[in-house]
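Notes follow once the structure below has been shown.
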Amino acid sequence: MNYKANSIDEYLDSIPQDRKEVMIKLRNIFSESLPQGFSESFQYNMITYVVPFHIYPNGYHVDSNTPLPFISLASQKNHIAIYHLALYMKKDLLYWFTKAYQDLNINKLDMGKSCIRFKNINKIPFDLIKELAKKISVEEYIKIYEESRIR
């Protein structure tokens, strides 16, 4: 869904209550668990955790006026999505996550290149998401981002 919003609060106010509760819980997980240096913003009509300009002044290669995105959180039409940009850049992280998810035996992992989709909001592995959030520092993310740009 494309909710009309100009801020995180407006965005959260515009989504259905059952999803709102889950989105707030995920937002809190990212806010509390991401390593120091990432900051919360509202980009591309999603809650996004970015590398701020004072740490990475180059910004995002797609738009250098935009801070480098790391993780985004969105309520889509049929699912809640977490876009974790390092998952497709760092193969060992992707392997760890898919294995850990599979070991939980919740349901089949629904995932795109960097998008993790949760169609059933009652089966979101919050502890695993929290662990994933802690896995990469700002410095490591910048390094793998820059390496991926060279390829």
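Bear in mind that the values in this text are calculations on the coordinates, not laboratory data. The structure displayed is predicted, hence computed values, not measured ones. Note that each Cβ is placed from the backbone with ideal geometry, even for glycine, and that neighbours are counted across all protein chains shown.
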Query raised in the report: Which entries in LYS119/LYS143; LYS99/LYS134; LYS4/LYS119; LYS25/LYS77; LYS4/LYS143; LYS4/LYS113 show an alpha-carbon gap greater than 24 Å?
Result: LYS119/LYS143; LYS4/LYS143; LYS4/LYS113
Requested in this report: Count charges around LEU109 for me, please; just the other residues with Cβ under 14 Å from its Cβ, Lys/Arg as +1, Asp/Glu as -1.
Outcome: +4
Report summary line: Simple SL model, points at 7 angstrom along Cα→Cβ for GLN102 and GLU147; separation in nm is 2.3
**Report entry** Estimated FRET transfer efficiency (ASN78, HIS54; beta-carbon r; R0 35 Å; 0.05)
**Finding:** 0.40
**Report entry** Hydrodynamic radius (Kirkwood) for the chain, which is based on Cα pairs only, to one decimal in Å
**Finding:** 15.9
Report summary line: Those trypsin sites (Lys or Arg not before Pro) from the stretch 1-77 that are DSSP loop and have at most 13 other Cβ neighbours within 10 Å turn out to be LYS4, LYS77
Requested in this report: Output the relative contact order of the stretch 8-150, whole-number percent, from Cα pairs under 8 angstrom with separation of 6+ residues.
Outcome: 23
Query raised in the report: For the chain, what is the calculated [θ] at 222 nm in deg cm²/dmol (nearest 500), taking -39500 (n - 2.57) for each run of four or more DSSP H residues and dividing by its residue count?
Result: -12000 deg cm²/dmol
Requested in this report: Count the net charge of all other residues whose Cβ sits under 14 Å from the Cβ of SER7, scoring Lys and Arg as +1 and Asp and Glu as -1.
Outcome: -2
Requested in this report: Starting at the first residue of the stretch 130-140, write each ³J(HN,Hα) from the Karplus equation 6.51 cos²θ - 1.76 cosθ + 1.60 with θ = phi - 60°, in whole Hz, x for Gly and Pro.
Outcome: 4, 5, 4, 4, 7, 6, 10, 7, 4, 4, 5
